[in-house]
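Every read-out reported here was derived from the displayed coordinates using simple, explicitly stated rules and does not represent laboratory data. All of these numbers come straight from a predicted model, not from anything done at the bench. For neighbour counting, all protein chains shown are included, and Cβ atoms are generated from backbone atoms with ideal geometry for every residue, glycine included.
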Amino acid sequence: MAEDDLAFDICAEDRVPVLLHRVDQLWRQLMDNELAHHGLSQAKWRTMAILSLYPDGLIQSELAEELGIEGPSLVAMIDRLSRDEWVERVQCGTDRRCKIIRLTERSLPLIDEIRSSAEKLYARTFAELDVPGVRIPDVERFFIALRERLYENLPDRKRQQRRRNLVRAAESD
C-alpha cells in the first residue's frame, strides 16, 4: 500500500460522506429551531414536507422509504400526525390492505410555513457563504448528479420504487 493510501481516511470529518451527514444534521437542527414555535419535531416536519411532494399521498411503505426508516417505525408518527389532523389515512382504491397517507387541507398553511422557513434558512445560509470559484447552481447540479449516481447503485426493488414515486409526483404537478 502506498503512503498516500494510508493517509486517506474515508471516515474523516473532511471527507464527503461525513460532510454530507454533518451538513444534513446541522440543516435539520436549524430547521427544528425555525419550526419550534409550531411544536413540530423533526420527524413531523420532515414527514409532512415529503408528503407535500406527493399530493395524492403515499402508502406507508413508500413514505417510510422516502424518509429512510422502517415502515413499523412510521406507524406511531402517522398516528400522532393523524390525531393532530395534519395527515389522513385513506383506503387505497386498488389494494384494500393499504392505506394512503396524505396531507389534510388543515396542513396546507403549515406546509407553506415549512417551505418559507426552509427558504429563509437557505437564503440566510447561502447569502453569507462565499467560496471563491464556487457557484451555488454548480454545487446543486453536482449534488443532483451524485444523488442520481447513488440511486443507480440501489438494489433493483428500491430503484423501481423510486421511479414509481417520481412518476406519481410528476403526474401530480
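Somewhere in the stretch 36-50, is a residue polar (S, T, N, Q), part of a loop (DSSP other than H, G, I, E, B), under 20 Å from the mean Cα position of the chain (by Cα) and within 30 Å of V139 (Cβ to Cβ)?
So in the stretch 36-50, the residues polar (S, T, N, Q) come out as 41-42, 47.
Now narrow it down to the ones that are part of a loop (DSSP other than H, G, I, E, B): 41.
Applying the additional criterion that residues be under 20 Å from the mean Cα position of the chain (by Cα) yields 41.
With the extra rule that they be within 30 Å of V139 (Cβ to Cβ), the set shrinks to 41.
Yes, that holds for at least one residue.
Residue check: is R28 over 20 Å from L150 (Cα atoms), in contact with a helix residue (DSSP H, G or I) (Cβ under 9 Å, 6 or more places away or on another chain) and either basic (K, R) or without any contact (Cβ under 8 Å) to a residue 24 or more places away in the chain (or both)?
yes
Being within 14 Å of C98 (Cα to Cα) and among the hydroxyl-bearing types (S, T, Y) is the filter here; which residues of the stretch 50-80 pass it?
S61
Please determine, by comparing only the residues of the stretch 131-173 that are farther than 18 Å from E65 by Cα and part of a loop (DSSP other than H, G, I, E, B), which one is nearest to the chain's Cα centre (by Cα).
Here the answer is D173.
Given the criterion among the basic types (K, R), over 30 Å from D84 (Cβ atoms) and either surrounded by 11 or more Cβ atoms within 10 Å (Cβ to Cβ) or in contact with a Phe, Trp or Tyr (Cβ under 7 Å, 6 or more places away or on another chain) (or both), identify the matching residue among R141, R135, R115, R102.
Sole residue among the options that is among the basic types (K, R), over 30 Å from D84 (Cβ atoms) and either surrounded by 11 or more Cβ atoms within 10 Å (Cβ to Cβ) or in contact with a Phe, Trp or Tyr (Cβ under 7 Å, 6 or more places away or on another chain) (or both): R141.
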